[in-house]
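First up is the structure itself, then whatever we jot down about it.
The values are calculated or read from the model by the stated rules, or taken from the named source; none is laboratory data. Keep in mind the model is a prediction, meaning the values are calculated, not measured. Please note: Cβ atoms are built from the backbone with ideal geometry, for glycine as well, and neighbour counts cover all protein chains shown. Heavy atoms of the whole protein, side chains included, go into the accessibility calculation; ligands, DNA and RNA do not. Shrake-Rupley method; radii C 1.70, N 1.55, O 1.52, S 1.80 Å.
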Amino acid sequence: MNAPQADHLKAVSDAALGEDEQAAQNYFDQLISEDSRVEPRDWMPEGYRKTLTRQVSQHAHSEIIGMQPEANWITRAPSLKRKAILMAKVQDEAGHGLYLYSAAETLGTPRDVLNQQLLDGKAKYSSIFNYPARTWADIGAIGWLVDGAAICNQVPLCRASYGPYGRAMVRICKEESFHQRQGWEILYELSHGTPEQKQMAQDAVNRFYGPALQMFGPPDEDSPNSKQSMAWNIKRFSNDELRQRFVDMMVPQAEALGLTLPDPDLKWNEERGHYDYGKLDWNEFKSVISGHGPCNVQRMQRRRAAHSEGAWVREAAAEYARKMEAHNAELIGA
Ligand code: 3HC
C-alpha cells in the first residue's frame with residue numbers, strides 16, 4: 001500500500017470510529033509509539049486484548065503443566081538438599097502460573113474460564129512439557145536448557161507494553177535464573193562424576209536440546225502472530241532472533257560443562273558473528289502441539305485429576321469468603 005492509500009484508509013477508519021473511540025485509539029497509538037505502558041484501565045484495540053490474553057494464558061498454562069515432569073522427581077531426588085531445592089522450584093512454577101493468570105484476568109477473562117480452556121484441551125501450552133523426564137539428569141537438562149530458553153525468551157517480555165504482564169515477568173525471570181543455575185549445577189556434578197553419570201548427563205542434553213530450541217516457536221516465516229505482537233511492543237524480538245541468541249549463549253556453556261550439543265551442523269560463522277545451527281524437526285513440533293507428543297495425554301489426565309481432586313479446596317475457600325462477607329456486612333449493619 002502506498003502513502004496516499006494508507007492515509008485514505010486511515011481517514012475512512014477514523015470516520016467509522018466514534019469520536020471518543022478515535023481519541024482512545026490515538027492515545028493507545030501514542031503509548032505504543034512512545035514505548036510507554038498500557039494499563040488495564042486504558043482503552044485498547046480488541047486485537048491487542050485478544051493476543052495478550054492468548055499469549056499470557058498459554059504462558060500460565062505452561063507454568064502449571066511444567067510442574068509435572070519435575071514434580072515426578074521430588075520423591076526420587078538423590079539427597080534431602082536436592083529434594084528441598086526441587087520442591088522450591090516446583091512451587092515457584094505454581095507461583096508463576098498465579099501471577100500470569102492474574103495478569104491475564106486484568107484483560108477481562110476470568111481465571112476459571114482460562115482454566116476451563118486448558119482442561120477442555122482448547123488451549124495450548126509449551127511443547128517442551130510433553131517430553132518425559134526419564135532420569136535425574138533430565139532435571140538438570142530441564143533446568144539448564146528449558147529454563148535457560150525460558151529466560152532468553154522472557155527477559156525481553158519484562159518490557160512488554162502491557163503493564164501487568166511486564167511486571168509479572170520481572171519476578172518470574174529472577175526466579176528462572178535461579179532455576180537455570182540449579183540445572184547447571186546438577187549437570188556439572190554429573191559430567192564430572194563417573195563415566196556412567198557423565199553419559200547420563202549427555203543423554204539428557206541430547207534429548208532436550210532440540211525441543212528446547214523449539215520453545216521459541218516456529219520459524220519467523222511460519223509465525224502468524226510475531227509481526228503484530230512486535231508492532232505492539234509485546235514481543236521485542238522475533239522467534240528466530242531469540243533462538244539464535246540462545247544457541248550463541250549455550251555453546252560456551254556446554255563447553256564449560258564438558259558436554260556436547262547434539263548438532264553436527266553447529267559451527268561458528270565469522271561473517272555473521274553467530275553460530276550456524278542445523279535444521280530443527282518442525283514436523284515433530286507440529287505433532288507435539290497438536291496433541292501427539294510423548295506425554296500430552298498423560299499431562300492432561302494428570303491436570304484434570306488434580307483439578308477435580310482440588311475441588312474441595314476451592315469450595316472451602318469460596319465458603320470462607322462468603323462467611324467473611326456476611327460477617328463484615330453484619331458488622332457494618334450493627
Ligand atoms: N509450544 C506450543 N505452542 C507454541 C510454541 C511452543 N513452543 N511456540 C509457538 N506456539 C504456538 C503459538 O502459541 C501460536 O498458537 P496460536 O496462534 O494458536 O495461539 C502458534 O504456535 C504460532 O506461533 P507464533 O510464533 O505466531 O506465536 P507467538 O507470537 O505467540 O510466539 C511464543 C510464541 C514465542 C511462545 C510467545 O507466545 C511467547 O513468548 N510466550 C511467552 C513465553 C511462554 O509462554 N513460554 C512458555 C514456556 S513457560 C516456561 O518455560 C516455564 C519455565 O518454568 C520453564
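Values computed for the structure shown
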quantity	calculated
Any hit, the range 201-215, residues being within 16 Å of the ligand (Cβ to nearest atom), closer than 18 Å to residue 55 by Cα, surrounded by 15 or more Cβ atoms within 10 Å (Cβ to Cβ) and not acidic (Asp, Glu)	yes
In the range 154-167, the residues that are among the small types (Gly, Ala, Ser) and more than 11 Å from the ligand (Cβ to nearest atom)	161, 163, 166
Residue satisfying condition, being of a type outside the set (Asp, Glu), within 9 Å of the ligand (Cβ to nearest atom) and crowded, with 18+ Cβ neighbours inside 10 Å, within set 57, 62	62
Tally of residues being out of contact with any His (no Cβ under 9 Å at 6 or more places or on another chain) and of a type in the set (Ser, Thr, Tyr) across the range 150-174	2
Search result, residues across the range 75-91 that are under 22 Å from the mean Cα position of the chain (by Cα) and either of a type in the set (A, V, I, L, M) or not assigned by the TED database to the domain that holds residue 126 (or both)	85, 86, 87, 88, 90
Residue check, residue 113 in a helix (DSSP H, G or I) and in contact with a helix residue (DSSP H, G or I) (Cβ under 7 Å, 6 or more places away or on another chain)	no
Considering residues of the range 237-246 that are open to solvent by less than 50 Å² (accessible area, probe 1.4 Å) and within 11 Å of the ligand (Cβ to nearest atom) only, the residue nearest to residue 160 (Cα to Cα)	238
Those residues of the range 116-136 which are hydrophobic (A, V, I, L, M, F, W, C), out of contact with any Ser or Thr (no Cβ under 9 Å at 6 or more places or on another chain) and in a helix (DSSP H, G or I), in sequence order	119, 136
Criterion (out of contact with any Phe, Trp or Tyr (no Cβ under 8 Å at 6 or more places or on another chain) and either under 19 Å from residue 214 (Cα atoms) or open to solvent by less than 50 Å² (accessible area, probe 1.4 Å) (or both)) met by exactly one of 266, 259	259
Test: residue in the range 17-30 that is in contact with a strand residue (DSSP E or B) (Cβ under 9 Å, 6 or more places away or on another chain), more than 10 Å from the ligand (Cβ to nearest atom) and either part of a helix (DSSP H, G or I) or farther than 27 Å from residue 114 by Cβ (or both)	yes
Subset of the range 290-334 that is open to solvent by 60 Å² or more (accessible area, probe 1.4 Å), among the basic types (Lys, Arg) and within 21 Å of the chain's Cα centre (by Cα) - its residue that is nearest to residue 119 (Cα to Cα)	304
Pairs where the first residue, in the range 157-171, is touching a residue at least 40 places away in the same chain (Cβ under 8 Å) and not assigned by the TED database to the domain that holds residue 101 and the second is of a type outside the set (Ser, Thr, Tyr) and buried (at least 17 other Cβ atoms within 10 Å of the Cβ), C-beta under 6 Å, 6+ apart	none
Qualifying residue in the range 255-270 (condition: under 30 Å from residue 184 (Cα atoms), within 16 Å of the ligand (Cβ to nearest atom), in a helix (DSSP H, G or I) and in contact with a helix residue (DSSP H, G or I) (Cβ under 9 Å, 6 or more places away or on another chain))	no
Unmet requirement for residue 184, which otherwise passes all of (1) among the hydrophobic types (A, V, I, L, M, F, W, C); (2) within 13 Å of the ligand (Cβ to nearest atom); (3) open to solvent by 40 Å² or more (accessible area, probe 1.4 Å)	(2)
Failed item, numbered, when residue 175 is tested on (1) away from the ligand (no atom under 16 Å from the Cβ); (2) part of a helix (DSSP H, G or I)	(1)
Single residue of the range 218-232 satisfying the filter (in contact with a Phe, Trp or Tyr (Cβ under 9 Å, 6 or more places away or on another chain) and in a loop (DSSP other than H, G, I, E, B)) that is farthest from the ligand (Cβ to nearest atom)	232
Matching residues, the range 111-138, being away from the ligand (no atom under 12 Å from the Cβ) and either at positive phi or crowded, with 17+ Cβ neighbours inside 10 Å (or both)	114, 115, 118, 121, 133, 135, 136, 137, 138
